[in-house]
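A.B. asks: Please read through the structure below; I'll follow up with questions.
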Amino acid sequence: MKPLTDAEAASVVKESIAQIVPDADFTGVGPDDRFRDVLELDSLDFLSLVESLSERTGIRIDEEDYPELTTLADATRFLVGRSREATGTSPA
Amino acid sequence: MSAFTMPSLGADMDEGVLREWLVGPGDPVRRGDVVAIVETDKAAIEVECFESGTVGRLLVPPGTRVPVGTPLAEIEHGREPAGPARKDTLKPGTRARPAGPEPGKESAGRAANAVDSPARPAPEPSGEAACAGAGPLVRHLAQLRGVDLTALSGTGPGGRITRADVEHAPSPRAPRVRATPYARRLARDLGIDLTAVRGTGDGGAVRGVDVRTAAQGADVRAGAQADAAARPAEFRRESEQRTPPAAPAEEHPGRRTDTMRRAIAELMSRSKREIPHYYLATTIDLTAGQTWLRRINRGRPPADRLVPAALLMKAAALAAREVPALNGYWRDEGFVPGTEINVGVAVSLRQGGLLSPVIHRADTLAPETLMAHLKDLVERARRGRLRGSETTGATLTVTNLGEQGVESVFGVIHPPQVALVGFGAVVERPWARNGMLGVCPVVTVTLAADHRATDGAVGARYLTAVDRLLQRPEEL
């Protein structure tokens, strides 16, 4: 498995959000905006987002990691970082 | 013979539009089967039959607005159906729901076209699932989406795979088609493959109108009523007599929002006109609750984790058991206690407005079960897929505006109920305990209650009970 690129991670994040908020308009969400507030994700939506990110990337996301998923830029950085760790430690 | 009548789908409903029939004359039905789609001012609701028998004449054509109680169809009781007689109706998946979030009509109509799929072995005469973990409709949906059911872990009761599980599963054939978000949602709702739609938007992007055109084409080709059942959204729009059939699809949500706005205005005005509200609030230390949640969520996959709302909801329901004077209805100048604790959950919709689907007997459910119900209900409320039984019977309403970041919410009671419980955001605040100042997660819980039914002392007892219960989360 190859680590995710920035572009891949960013698109996984957006696709996952779009799955939960089908009408999500990303033009109003800057990379450093708190997307959860802008797109009005409640705690159930956010949990679905974590579920989707985890399923799509195979990356384990614990509750302690939730603060990393606050902005699009943070979330992208988090996924890329985790996928590098994962591929660095496993021979696959 | 008896009549299937227009049901009351909420205390504020006087009439409804019979939007669509999901059964026809001669079809066997069982108590609990979804037989029709009814549109109220707030939402399209899947309506269940309350008797078993055989459908006789349909008395009201789709698109007709009739008062609550109007006979809609005849139900004949000659003999009990031995089982689902026709493989192309949706009985197998909709009967005998053990509170399981079985899906509705979305995939039902097309079941007939899909008998030769690997995920769906030959139609079972017994109607029961061959794959024990999922009902037929769920399996069909999985097949439509190309999701491998054996790779999913179910979140429903008893580990059943629910529709949400399938919908959240990564689809191996996720289309990489350029399309607007609205078009994607529409395509999903209408069961249209986006890759097969010709886009007319910028750079060939698929727009909502393209999906609709494709859907109509498919409809003409199929021409089957089964197909119409699979497209309630489209059907709803086309048969809405007040709207010209050619109206752009994008206008529809606005119309729904308007009628919902009026329904909310009516109910809330009545509440404030008739109910002398009193309000109480208290702030609760949520350290124990948070610690407990963190502990049980650790190591669980996201799908099995609990959110604080589930815990708060359970505490609110259990406290109503201790203070039954807040659980029930004000009717005919007197309080009628509820026989069960059915919690209405205020769900805000993204396009505006709100619905209050009901979690029946919430006080008896384990937090995990409550959480599963909550997820399922909220999702279906937002997608317009609620069932009739989920819209009625609330004896107490809980609102959780804290999700939007505010610390307290002083709500308006939903008549004829006599109380509304509000939870604010869980926030970290300086908190004194045992003479020491520390920082704790706290939540402000409020109560709006009907002063005709109870006095402030009763409300105070309720909030105290919520606090006490939340200090022992492991017992919830």
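A.B. asks: If you go through region B:414-447, how many residues are surrounded by fewer than 24 Cβ atoms within 10 Å (Cβ to Cβ), more than 18 Å from residue B:314 (Cβ to Cβ) and either within 14 Å of another protein chain (Cβ to nearest Cβ) or hydrophobic (A, V, I, L, M, F, W, C) (or both)?
C.D. replies: 10
This table checks each residue for (1) in contact with a strand residue (DSSP E or B) (Cβ under 7 Å, 6 or more places away or on another chain); (2) crowded, with 22+ Cβ neighbours inside 10 Å.
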| site | (1), (2) |
| --- | --- |
| B:284 | yes, yes |
| B:303 | no, no |
| B:313 | yes, yes |
| B:316 | yes, yes |
| B:319 | no, yes |
| B:322 | no, no |
| B:330 | yes, no |
| B:338 | yes, no |
| B:359 | yes, yes |
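A.B. asks: Kindly indicate the residue of region A:35-55 that is more than 8 Å from chain B (Cβ to nearest Cβ) and over 19 Å from residue B:293 (Cα atoms) and also surrounded by the fewest Cβ atoms within 10 Å (Cβ to Cβ) among those meeting that condition.
C.D. replies: Filtering region A:35-55 for residues that are more than 8 Å from chain B (Cβ to nearest Cβ) and over 19 Å from residue B:293 (Cα atoms), the one surrounded by the fewest Cβ atoms within 10 Å (Cβ to Cβ) comes out as A:38.
A.B. asks: In addition: From the list B:347, B:343, B:358, which one is within 14 Å of another protein chain (Cβ to nearest Cβ), under 27 Å from residue B:261 (Cα atoms) and of a type outside the set (Ser, Thr, Tyr)?
C.D. replies: B:347
A.B. asks: For residue B:434, all conditions in the list (1) over 23 Å from residue A:42 (Cα atoms); (2) in contact (Cβ under 8 Å) with a residue 12 or more places away in the chain hold save one; what is the number of the exception?
C.D. replies: (2)
A.B. asks: Can you spot a residue in region B:312-333 that is of a type outside the set (Ser, Thr, Tyr) and within 14 Å of chain A (Cβ to nearest Cβ)?
C.D. replies: Yes, region B:312-333 contains at least one residue that is of a type outside the set (Ser, Thr, Tyr) and within 14 Å of chain A (Cβ to nearest Cβ).
A.B. asks: Given A:80, A:21, A:12, which one is within 12 Å of chain B (Cβ to nearest Cβ), surrounded by 14 or more Cβ atoms within 10 Å (Cβ to Cβ) and in contact (Cβ under 8 Å) with a residue 60 or more places away in the chain?
C.D. replies: Result: A:12 is the single residue among A:80, A:21, A:12 that is within 12 Å of chain B (Cβ to nearest Cβ), surrounded by 14 or more Cβ atoms within 10 Å (Cβ to Cβ) and in contact (Cβ under 8 Å) with a residue 60 or more places away in the chain.
A.B. asks: Just to check your reading of the model, which residue among A:58, A:88, A:30 is at positive phi and either more than 8 Å from chain B (Cβ to nearest Cβ) or surrounded by 14 or more Cβ atoms within 10 Å (Cβ to Cβ) (or both)?
C.D. replies: A:58
A.B. asks: Take the residues of region B:288-310 that are more than 10 Å from chain A (Cβ to nearest Cβ) and out of contact with any Pro (no Cβ under 6 Å at 6 or more places or on another chain): which is nearest to residue B:420 (Cα to Cα)?
C.D. replies: Of everything passing the filter in region B:288-310, B:291 is nearest to residue B:420 (Cα to Cα).
A.B. asks: Anything in region B:448-462 that is surrounded by 20 or more Cβ atoms within 10 Å (Cβ to Cβ), over 26 Å from the mean Cα position of the chain (by Cα) and either among the hydrophobic types (A, V, I, L, M, F, W, C) or not in a loop (DSSP other than H, G, I, E, B) (or both)? List them, or say none.
C.D. replies: Of everything in region B:448-462, those that are surrounded by 20 or more Cβ atoms within 10 Å (Cβ to Cβ), over 26 Å from the mean Cα position of the chain (by Cα) and either among the hydrophobic types (A, V, I, L, M, F, W, C) or not in a loop (DSSP other than H, G, I, E, B) (or both) turn out to be B:450, B:453, B:459, B:462.
A.B. asks: Quick one: how many residues across region B:422-438 are under 25 Å from residue B:348 (Cβ atoms) and outside any strand (DSSP E or B)?
C.D. replies: So the count comes out to 3.
A.B. asks: Separate question: Among the residues of region A:46-61, are any assigned to a helix (DSSP H, G or I) and more than 13 Å from the chain's Cα centre (by Cα)?
C.D. replies: No, region A:46-61 has no match at all.
A.B. asks: Hey, any hits in region B:366-376 for a residue that's in contact with a Pro (Cβ under 6 Å, 6 or more places away or on another chain), surrounded by 21 or more Cβ atoms within 10 Å (Cβ to Cβ) and touching a residue at least 24 places away in the same chain (Cβ under 8 Å)?
C.D. replies: yes
Every number in this text was worked out from the coordinates using simple rules, so none of it is lab data. The model shown is predicted, which means the values in this text are computed figures rather than measured ones. We place every Cβ from the backbone using ideal geometry, glycine too, and count neighbours over all the protein chains shown.
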